[in-house]
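**Student:** Take a look at this one; I'll ask things after.
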Amino acid sequence: MEINEKLKHLTETQIEEVVTMYMDKSIKISDILSKYNIDVKPGGLLKILPPVRTNDVCVICGEFLYKNIEARTAYSYSGEQRDRFCLNCGHKEYANNGWRRKKCDCNGCKAIEMMEYERKKNEIRKTYEKENDRIDFAELILADQIKLIYLLFNNSFHNTSQIAPMEVKENWIEYINRMIEIKAISVSPESEIEAFCEEDFPNKYYVAKVDYDVNVIFDETTLHKINNNTYFLEYSEKEELISLFKQYIYNDLIIRFEEMLEARRLQLHISENANNRFIELIDKISYTQILALCNRVAVFFSDKVLIGDMTKSVAKNAALLNVSKFYDRAVESEWTLNHAEIDYVGRELRFFIEKVLNKDITILKDVASVENLKNWSKREIDYSKRIGYAED
Ligand SMILES: [Zn+2]
Ligand SMILES: [Zn+2]
């Protein structure tokens, strides 16, 4: 151990005595300095004292750990003064306290970490590396095809063979779980360690954090048509598309309605009867008209609750049914129904309209009833005309 110049005239035992005396606060530092003839100012003594050996050994090399002598006026939240270190290999044991979270980065620790990393990686590989059956895209049912394409289009890998971890948004988790269930995707054996729960490692994983391998194969023509938004119109039954479209509209409306109520500190309870009547509305009026009705109900109910005319729980149970009731009253009174703005259409509904139906989201203003939907082919609006091209 390197002994400071100013202590070189002392024996090892004398240096130990100096240390012991320094730690005894009843002894004046100036007395220690003059007794051992040490040529520093009292404030400088601590700096030249050697670290003291502790009884603990280094986990890397087995030598004893040392620690610096704590200053007489030591006052530290972090525990820095109590850090221990190995003079042989450089390993450090940090006395972490409060917010301090220091980790040793000596070569020994790095090697252990690397081994631990490799060990975990291998465990993940062993658990998830298996031959998965390939499924042809055409074999999936329409609803699943659309979910898979939604996942692929919104995925940062931008290919059809892998899905990257994603920030959880709307139905992402639900879609992923469905794809796992039908074996269209499977957890990639190359997923990051952090994507797995520490408990029961590596059998438990975070659905949105692992990578996925896609087990579905696409032929060139299919891919080309999906990219041009023509695949689903060409290969699906119109009835099936319409009923799915209704589901997407319904899901989006419920989410929007919940948001409106939530903004007013109200909740939404969905009873079967109210739900059925709400679904019927989708056949009668447009998405934007239903949205406007939802907004009126949300405002009306929150006003009632505010002035004390209604409890929050009554509002919660009655909200959905009242959308239909507001509609009935409007029809009876022959009022015209307003349209809400379509700025807040959810990602999934937008995706369905643009990628599956190859339409513009403005159709939500005029197409909503099944009857209207059935007339698509007849009253086809050519939205491609909205885009101009430079002439040669
Ligand atoms: Zn060591
Ligand atoms: Zn270390």
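**Student:** At a 10 angstrom cut-off on C-beta neighbours, averaged per residue, how do the peptides 331-337, 3-9, 342-348 rank from highest to lowest? Walk me through the numbers before you get to the answer.
**Tutor:** Working: 331-337: 9.7, 3-9: 12.4, 342-348: 15.3.
In descending order of packing, they fall as 342-348, 3-9, 331-337.
**Student:** Moving to a separate point now. When N is the residue count of the chain, what does its C-alpha Rg come to as a fraction of 2.2 N^0.38 Å? Display every interim value, and only then the final one.
**Tutor:** Details: Rg = 35.2 Å, N = 392, 2.2 N^0.38 = 21.3 Å.
Dividing the Cα Rg of the chain by 2.2 N^0.38 Å gives 1.65.
**Student:** Just the Cα atoms of the range 31-113: what Rg and Dmax do they give in Å?
**Tutor:** 15.5, 49
**Student:** Which Cα, out of Val207, Leu261, Thr230, lies furthest along the positive dipole direction of the range 196-261 (beta carbon charges, K/R +1, D/E -1)?
**Tutor:** It is Leu261, whose Cα lies furthest towards the positive end.
**Student:** What whole-number volume per residue, in cubic angstrom, does the convex hull of the C-alpha atoms of the range 169-230 give?
**Tutor:** Values: hull volume 7.4 nm³, N = 62.
Residue-normalised Cα hull volume stands at 119 Å³.
**Student:** Rounded to the nearest 20 Debye, what is the dipole magnitude of the range 1-137 about its Cα centre when Lys and Arg each give +1 and Asp and Glu each give -1 at the C-beta?
**Tutor:** In debye, rounded to 20, the range 1-137 gives about 400.
**Student:** Which translational diffusion coefficient, to the nearest whole µm²/s, is obtained for the range 299-368 from the Stokes-Einstein equation, given a Kirkwood hydrodynamic radius over C-alpha pairs, 37 °C and 0.692 mPa s?
**Tutor:** Approximately 221 µm²/s, per Stokes-Einstein.
**Student:** I want the antiparallel fraction of DSSP beta bridges within the chain, as a percent rounded to 5.
**Tutor:** For the chain, the DSSP antiparallel bridge percentage is about 90.
**Student:** Taking K and R as +1 and D and E as -1, what net charge do the other residues with C-beta under 15 Å from the C-beta of Pro51 add up to? Don't skip to the end; give the middle numbers.
**Tutor:** Values: positive: Lys47, Arg53, Lys67, Arg82, Arg84, Lys92; negative: Glu2, Glu12, Glu16, Asp56, Glu63, Glu70, Glu80, Asp83, Glu93.
Local net charge: -3.
**Student:** In addition: Once you have the Cα-Cα distance between Phe64 and Asp303, take 0.36 nm times their residue separation minus that, and quote the gain in nm to one decimal.
**Tutor:** Details: separation 239, 0.36 × 239 = 86.04 nm, distance 7.27 nm.
Result for the pair: 78.8 nm of gain on full extension.
**Student:** Oh, and also: May I ask which residue of Cys104, Tyr128, Met114 lies farthest towards the positive end of the charge dipole of the chain, with charges of +1 (Lys, Arg) and -1 (Asp, Glu) on Cβ and the Cα centre as origin?
**Tutor:** Value: Cys104.
**Student:** Run through the range 178-233 and list the GluC sites (Glu not before Pro) located in a DSSP loop whose Cβ has at most 11 other Cβ atoms within 10 Å.
**Tutor:** When the GluC sites (Glu not before Pro) of the range 178-233 are filtered for loop state and at most 11 Cβ neighbours within 10 Å, Glu198, Glu199 remain.
**Student:** Sticking with this one: What translational diffusion coefficient, in µm²/s and rounded to a whole number, does the Stokes-Einstein relation yield for the range 61-186 at 4 °C and a viscosity of 1.567 mPa s, taking the hydrodynamic radius as the Kirkwood radius over Cα pairs?
**Tutor:** 66 µm²/s
**Student:** Charges on Cβ only, +1 for Lys and Arg, -1 for Asp and Glu, centred on the Cα centroid of the chain; of Asn154, Val168, Ala143, which one is farthest towards the dipole's positive end?
**Tutor:** It is Val168.
**Student:** Only Lys, Arg, Asp and Glu count, each charged at its Cβ (+1, +1, -1, -1), so figure out the dipole size of the range 151-227 about its Cα centre, rounded to 20 debye.
**Tutor:** In total the dipole reaches around 320 debye.
**Student:** Here's another thing I want to ask about it. Output the peptides 96-106, 149-159, 251-261 sorted from most to least packed, where packing is the average of other Cβ atoms within 10 Å over each peptide's residues.
**Tutor:** The peptides rank, most packed first, as 251-261, 149-159, 96-106.
**Student:** Once each part is reduced to its C-alpha centroid, what is the distance from the range 173-189 to the range 292-348 in angstrom?
**Tutor:** Going from one Cα centre to the other spans 37 Å.
**Student:** Can you compute the charge dipole magnitude of the chain about its Cα centre, using +1 on each Lys and Arg Cβ and -1 on each Asp and Glu Cβ, nothing else charged? Give it in debye, rounded to the nearest 20.
**Tutor:** Around 1560 debye, computed over the chain.
**Student:** Just report the Cα centroid separation between the range 99-137 and the range 18-76, whole Å.
**Tutor:** 43 Å
**Student:** Calculated from DSSP H runs of 4 or more alone, at -39500 (n - 2.57) each and per residue, what is the 222 nm mean residue ellipticity of the chain, nearest 500?
**Tutor:** Rounded to the nearest 500, the figure is -13500 deg cm²/dmol.
**Student:** Could you give each residue of the range 273-288 its phi-based ³J(HN,Hα) in whole Hz, using Karplus coefficients 6.51, -1.76, 1.60 with θ = phi - 60°, and x for Gly or Pro?
**Tutor:** Each residue's phi maps through the Karplus curve to give 4, 4, 5, 4, 5, 5, 4, 4, 4, 4, 7, 9, 10, 7, 3, 5 Hz.
Throughout, read-outs are computed from the coordinates displayed, never taken from laboratory work. This structure is a prediction, so every number in the text was calculated from the model and none was measured. With ideal geometry, Cβ positions are generated from the backbone for all residues, glycine too; neighbour counts draw on all protein chains shown.
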